[in-house]
1. Just a yes or no: is a residue in the range 79-92 touching a residue at least 60 places away in the same chain (Cβ under 8 Å) and assigned by TED's automatic domain parsing to the domain that holds ASP129?
2. I'm told TYR202 meets every condition in (1) more than 30 Å from ARG113 (Cα to Cα); (2) part of a loop (DSSP other than H, G, I, E, B); (3) aromatic (Phe, Trp, Tyr) except one. Can you identify the failing condition by its number?
3. Quick test of your reading of the structure: SER72 fulfils all but one of (1) out of contact with any Pro (no Cβ under 9 Å at 6 or more places or on another chain); (2) at pLDDT below 90; (3) assigned to a loop (DSSP other than H, G, I, E, B). Name the failing condition by number.
4. Just the residues that are touching a Ser or Thr at 6+ places or on another chain (Cβ under 6 Å) and either surrounded by 15 or more Cβ atoms within 10 Å (Cβ to Cβ) or modelled with pLDDT of 95 or more (or both), please, taken from the range 181-197.
5. Counting only residues that are touching a helix residue (DSSP H, G or I) at 6+ places or on another chain (Cβ under 6 Å) and over 18 Å from ARG16 (Cα atoms), give me the helices (runs of 4 or more DSSP H) lying completely in the range 80-193 with at least 3 of them.
6. From the residues in the range 218-247 that are at pLDDT below 95 and polar (S, T, N, Q), which one is nearest to ARG286 (Cα to Cα)?
7. Among GLN218, GLN164, which is the only one that is more than 30 Å from LEU247 (Cα to Cα) and of a type in the set (S, T, N, Q)?
8. ARG283: part of a strand (DSSP E or B) and in contact with a helix residue (DSSP H, G or I) (Cβ under 9 Å, 6 or more places away or on another chain), yes or no?
Amino acid sequence: MESLLNALDDALVAVRTLDKEIFAGSDAKAYVAARNSNPLGHTVRGLTAPRNNAVHGIVVVDPTITRAVGPSADDDYIIWPAWKGRNEVPASVFSGTAIGGANAYDSHIAGRRVLDTLMDAFRFFVECDPCFGEGGQAGQHYRFPLATLPVAGYERLHPEWPDQDVADAEIRLDATSQLPSGLNRQVRTVFDFEGERVIGGYTTSARGLITFTEPFSQVLADIQSGYTYTVEGGAGNVSIEVSAGDLLVGGSSLSDIASLQGVDIGLWRGWWGLCVADAAYYRTQRRSEM
């Protein structure tokens, strides 16, 4: 964590220097107008409190870690830090920050991945002065894109690439724009996850049975579009039907089927948790034969 905080401090000091000394120092009126009219500029403004603390060393603004992968052969971890909400950090962090900067933190920093906010800041500075990013090869900004991480899924490695939230939304839209792969799906369990009803089971594919987890609403949409979900019955598999916004098996609500209750859902919850956290993982389990 210490190495992360040191690297983050260095990045925030650089943002402050570019924002305050370089760009505002050259033409404050024009620069502030550009920053206030650009969402990327709002991100720079939102970094005011964290960067001031990085410069003056008042309070450490430590991010939360949303995901970690490892250890590697060198006992290192790949981590995904994100900014905490303003109510999760000491009030003194924002004591000297103007209301505009605090509001920008709430709207453009809190909850976002640290890397996305720094990429946005870099992109804004390049828009202010294209010469700032020169030095790369084949038209790329200096040292971008970053090195590919040895993990599955989308990672923002270039300032001009979409941030994680935008990319996740696009990936999920792509995943749900087509029916699941495989011949059909066999439902084995129904459970609640953070207030959402989730269905788990196996996709019947050419490679055998592959696990799936889907929200109730998506299963409903799949069936309405012609895909087959079944439940094991006494005389074989019974197709699930849609009626009045509910999923029915032989006239009974899927949620009331006794055979689907009491199933050990630890693994299913874990799989769905990965789908919630990683859009690419969700698309992979939905398109298991791609």
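The values are calculated or read from the model by the stated rules, or taken from the named source; none is laboratory data. Bear in mind that the values here come from a model prediction, so they are computed numbers and not experimental data. Backbone-built Cβ (ideal geometry, glycine too); neighbour counts: all protein chains shown.
1. yes
2. Failed condition: (2).
3. Of (1) out of contact with any Pro (no Cβ under 9 Å at 6 or more places or on another chain); (2) at pLDDT below 90; (3) assigned to a loop (DSSP other than H, G, I, E, B), only one is false for SER72: (1).
4. Within the range 181-197, SER181, GLY182, ASN184, ARG185, GLN186, VAL190 qualify.
5. Working: elements: 99-108, 114-128, 164-176.
Output list reads 164-176.
6. Only one residue fits best here, namely THR230.
7. Numbers: GLN218 fails: more than 30 Å from LEU247 (Cα to Cα).
Sole residue among the options that is more than 30 Å from LEU247 (Cα to Cα) and of a type in the set (S, T, N, Q): GLN164.
8. no
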